[in-house]
Amino acid sequence: MNIVATNEAMAALDALLKKLTVAGEKNLEEPQAELENARKRFLSEKKVLTTLNLINGANDLPSYLNALNAISKNGSEKPDLVKNAAFVAFQFEKLNNLPRSCLAPHVAAMWDGIPRSDPQGDFMANNLSAVESKILNDLANEAGFASLRRFNIYLTSGQGTRMVRQVFIIGDLITQRNRINDGIEFIVKGHEITREGEIIENAWSRREFNLDKPNSIKSGEELIETNPLPELEYLRQFARLYDTKNRKLTEPIIRKLDLIRNHSSPYLELRAFEMQELFKLAELRPEIWGTLYSPSALRDSDQLRRITQNAMGPYDFLFKDKWADVQKDLRAFFAKSKSPVSYADEARFWRSTINILRTYKSILAGSVTQQGQPILREKVTNVALFGIDKDGKPSILFRVDEEGSLIRVNEPAPLSPLVRLSGTVTEAAQTAGIPTGLTPPEGGWESILQGRDL
């Protein structure tokens, strides 16, 4: 509506009616009533236009939302306008928190964890909690593992000598000699590791008679040590991860996870247990330890948990039958988890990328009309336009392609602002430095701002 022209037309019509009245013209009540109604409609439309101009004149998102809020509170001759303005203005916090408010759960957690995570991307915690220290201390039990030995138990009786079982002993054996009649009783005591992973004190005894004669007689159980356990060398390498005396890590947890999953040793149960425990530790503070920013580490953690049920014990590798039914799964897990991109490099990249995204500004690029049509205030290409959809959720409403054409993604709420970021995810990823071998997520880099999770 042309306000000036309409106002001039009504003024001219009013002047004409006055002249006709002075001239004594009768039957002017109807045109005068029509003019009065037109004047009321004009004032109403003028108020609406003034209100819409207030919205269209907003230079940024806060000003736009303030204008909507004013309309919703001050009222208007147009009930639908008030309703739509109030609907969008009610989403004030969600709009101010874009794009955070429309992120999928994992990406949102990555976003929120930035202030607490290592800005250098090394993910080396300065202080350890009591729970974290215990997990690491148990894993790095160098003294305990160093004293771990395997023995065969031989039983001698009237039927001869035969091996009856194998035991695993931690620590030194203590032998006690007791003289009995014309012989000696040997009692050997030690700490045995049970199949359930418990360390119990046990004793074995044998008797020997006629020791000074060639045909001495033996009876009872005798422990004969076997070859050293091949896993011990691997365990000693792992012990270097944690300085138990000073309670300090010697390398980041996430890097140790990389070393274990890519290790060439055949000790699947042992490697699985170590990863299981380190994943448990990392879950306590994933943003600190870096696993939050490594989607592949989180996927591997979930897969390993399904295999072990987090029930694998530190000594299970000694009893090969305990996990015999998951050997195939463990082999597949370690084969699949090997990747050209390490957990550490992936985590450093995603932390840096998300951190850059957090610095982007929200720019008011346009708005949606009462009829749901987008109106842009600037020429843009290859961007996503955020706003409020018809259900009141923050989301991407339109995408603008490289030719500047708008593609509707979600049904917008009338009067929703159209907000773009000052940069793209692709630009953030390139600035962060994409690790060699890392591929974009399904849907491309921009998909993480479109409600898709990693």
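The values are calculated or read from the model by the stated rules, or taken from the named source; none is laboratory data. Predicted model, so just to flag it, every value in this text is computed and none were measured. Every residue, glycine as well, gets a Cβ built from its backbone with ideal geometry; the counts of neighbours run over all protein chains shown.
One table, with the values for the structure above:
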read-out: Residue under evaluation GLU283, criteria (1) of a type in the set (Asp, Glu); (2) modelled with pLDDT under 95; (3) over 30 Å from ILE55 (Cα atoms), criterion not met; value: (2)
read-out: Residue check, ASP302 surrounded by fewer than 16 Cβ atoms within 10 Å (Cβ to Cβ) and within 30 Å of HIS191 (Cα to Cα); value: no
read-out: Filter pass, LEU270 being at pLDDT below 95, closer than 23 Å to LEU298 by Cα, buried (at least 19 other Cβ atoms within 10 Å of the Cβ) and out of contact with any strand residue (DSSP E or B) (no Cβ under 8 Å at 6 or more places or on another chain); value: yes
read-out: Only one of GLU274, GLU287, GLU251 that is among the acidic types (Asp, Glu), within 27 Å of the chain's Cα centre (by Cα) and in a loop (DSSP other than H, G, I, E, B); value: GLU251
read-out: Criterion: surrounded by fewer than 19 Cβ atoms within 10 Å (Cβ to Cβ) and either out of contact with any helix residue (DSSP H, G or I) (no Cβ under 8 Å at 6 or more places or on another chain) or assigned to a loop (DSSP other than H, G, I, E, B) (or both) - qualifying residue of ARG399, ARG358; value: ARG399
read-out: Residue, surrounded by the most Cβ atoms within 10 Å (Cβ to Cβ), within region 113-156, restricted to residues that are part of a helix (DSSP H, G or I) and without any contact (Cβ under 8 Å) to a residue 40 or more places away in the chain; value: GLY144
read-out: Cross-chain or 6+ apart pairs with Cβ under 8 Å, region 227-253 first and assigned by TED's automatic domain parsing to the domain that holds GLY290 and on the phi > 0 side of the Ramachandran plot, then part of a loop (DSSP other than H, G, I, E, B) and surrounded by 12 or more Cβ atoms within 10 Å (Cβ to Cβ); value: ARG247/LEU128
